[in-house]
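The structure appears right after this line, and notes come after that.
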There are 2 protein chains.
Amino acid sequence: MTTDSSTPPKGTLIIIGGHEDKEGRRGILKEVARHLHGGKLVVATVASHEPEGYFESYQKAFEPLGVTDLTELYVENRADTLNEEKLQSLDEATGVFFSGGDQLRITSQIANTPVEAKIRALYEKGGVIAGTSAGASVMCETMLVKGASGESYRIGDLRMAPGLGLIRGVIIDQHFGERGRIGRLLGAVAHNPRVLGIGIDENTAIVVQGDTFSVIGEGAVYIADASGVTYSNLVEARRDRPLSLYDVRLHVLSHGDTFDLVKRRPHEAGDLETSQALEAAEC
Amino acid sequence: MTTDSSTPPKGTLIIIGGHEDKEGRRGILKEVARHLHGGKLVVATVASHEPEGYFESYQKAFEPLGVTDLTELYVENRADTLNEEKLQSLDEATGVFFSGGDQLRITSQIANTPVEAKIRALYEKGGVIAGTSAGASVMCETMLVKGASGESYRIGDLRMAPGLGLIRGVIIDQHFGERGRIGRLLGAVAHNPRVLGIGIDENTAIVVQGDTFSVIGEGAVYIADASGVTYSNLVEARRDRPLSLYDVRLHVLSHGDTFDLVKRRPHEAGDLETSQALEAAEC
């Protein structure tokens, strides 16, 4: 059930940092609507332990945007993923929207089931998969599950788990600026500098197509690139000691900015050599 | 009344991110005590609009550390800075400790007065000048006065003002991880990449001597080096739009780490070329 890397998915991911506007301009939901092309949207409330009301709030928010064909997908337990009606709703859909809650509910209940297979197939053939908050984190191969907000990262204070893996080579955190999560995102990338850290503010999203994403919304998106890190105390330091991490490259992106995930560069930036030459210049 | 740059100050700055431990291990206050060498400490509560209780809490905290010769320095208004008794207490001191409050109270009331001149002279001849929270911010040439915490920086949303200038070429923010201030620190350095951004967590401090500082305490210290920045929308974007800023070099330092302010490098790090070579390597 893994994505065959020889055939890149044709779909779009819309990864939202939580608290997307549902009553005002609704810029992010409009972007979701645009990618539906008038088709059916499945609102997957499976991240929630108590899903009541979630679907209705999205129904109300999407209706004025012309998205009137919505179905709720809730999965109480893994046996539910065999339900014919649920699977049929996914067959008819052009998009899936994961609401917030607990990312572990999504993976533990739908990973490696027919529901997940249909969502993946939809993405591969060109559908849009959106997710907010927990629904954003779950997109990654390795996802952040738990870690302190509003403080610097302490060794050992982070729980990660395998995610749905719809986007590769990145680890995503949400409610980013609002909850002061730079510490835990740096903690995450310190574990493996191959992985690019992406922190997404509330009411802000990245729209991923192929190897590029663009930023939409009201806040910022932070990219922590640890590929040039020269020192970290991650494995030497005792548990609960604060992390030391030198030479992270950090980008802050806002509405309209785009980013190349292969080159690890913002598109409007000069090349890496320019940045390095500026740094090396004697001033 | 400016420091003569041809004769570097012989003193020590202890710049604290706020909420230093006053009842437990008191590691930071111990460091202040160590630099007093048994001498007198002036606790400057001038940052506070209502200074009652500040001095007593420091008296109680310092006493078990062997610092028993303490005087309070409060300045209600600029005329107070001519008071002979206050000036004499500074003549006898080996250290000054600025408590928290409003950094603008410190600068507006004591800058360019005999009080400031005596504090500067004490620093130049080898005394210790400590400051916490507002007392930390005020150390810089240009200090942060106000800006939103817990969100990304929006163009225009930052108030800066001239500080005491005891440390040059840096801009300091405090309560850093706890209040989610990475956004506003990046906003500050975007204004002028010459200035190094230093964000200090609570119960954490940098101890500055000459061109080097070391980190002590329970949290982390963030260094945002914008010298390699390739793009920023600071002047192009409309007010209140989020900042875009590409290619910031970020270091996270913790207890025991040291930093060279001239080379802009953590001491344990490889050199800049190593970091750049790692980044440029095809993986």
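The values are calculated or read from the model by the stated rules, or taken from the named source; none is laboratory data. Keep in mind that this is a model prediction, so the values were computed, not measured. For neighbour counting, all protein chains shown are included, and Cβ atoms are generated from backbone atoms with ideal geometry for every residue, glycine included. These accessible areas exclude ligands, DNA and RNA; they are computed on the full protein's heavy atoms, side chains included. Shrake-Rupley method; radii C 1.70, N 1.55, O 1.52, S 1.80 Å.
Key figures
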item: Selected residue [at pLDDT 95 or above and in a strand (DSSP E or B)] from A:GLY199, A:GLY187; result: A:GLY199
item: Enumeration of residues in the range A:232-283 that are of a type in the set (S, T, N, Q) and closer than 16 Å to B:SER275 by Cβ; result: A:SER232, A:SER244, A:THR274, A:SER275, A:GLN276
item: The range B:223-260, residues that are more than 7 Å from chain A (Cβ to nearest Cβ) and in a strand (DSSP E or B); result: B:ILE223, B:ALA224, B:ASP225, B:SER232, B:THR258, B:PHE259, B:ASP260
item: Residue among B:ALA93, B:ALA79 that is at pLDDT 95 or above and touching a helix residue (DSSP H, G or I) at 6+ places or on another chain (Cβ under 7 Å); result: B:ALA93
item: Residues that are under 27 Å from A:ASN233 (Cα atoms) and either open to solvent by less than 10 Å² (accessible area, probe 1.4 Å) or in a loop (DSSP other than H, G, I, E, B) (or both), drawn from the range A:264-276; result: A:ARG264, A:SER275
item: Boolean, B:TYR222 is under 27 Å from A:ASP240 (Cα atoms) and of a type in the set (Phe, Trp, Tyr); result: yes
item: Whichever residue in the range B:100-124 is assigned to a helix (DSSP H, G or I) and of a type in the set (A, V, I, L, M, F, W, C) and, among such residues, is surrounded by the most Cβ atoms within 10 Å (Cβ to Cβ); result: B:ILE106
item: Qualifying position, being surrounded by fewer than 24 Cβ atoms within 10 Å (Cβ to Cβ) and either under 16 Å from the mean Cα position of the chain (by Cα) or more than 9 Å from chain B (Cβ to nearest Cβ) (or both), among A:GLY197, A:GLY210; result: A:GLY210
item: Verdict on B:GLU279 being out of contact with any Cys (no Cβ under 6 Å at 6 or more places or on another chain), assigned to a loop (DSSP other than H, G, I, E, B) and within 11 Å of chain A (Cβ to nearest Cβ); result: no
item: Residues satisfying the stated conditions in the range B:218-247, i.e. open to solvent by less than 30 Å² (accessible area, probe 1.4 Å) and either under 21 Å from the mean Cα position of the chain (by Cα) or of a type in the set (Lys, Arg) (or both); result: B:GLY219, B:ALA220, B:VAL221, B:TYR222, B:ILE223, B:ALA224, B:ASP225, B:ALA226
item: Answer from B:ARG154, B:ARG159 - the residue that is at the interface with chain A (Cβ under 10 Å from one of its Cβ atoms), open to solvent by 50 Å² or more (accessible area, probe 1.4 Å) and closer than 19 Å to B:ARG241 by Cβ; result: B:ARG154
item: B:THR68 among the β-branched types (Val, Ile, Thr), open to solvent by 40 Å² or more (accessible area, probe 1.4 Å) and assigned to a strand (DSSP E or B); result: no
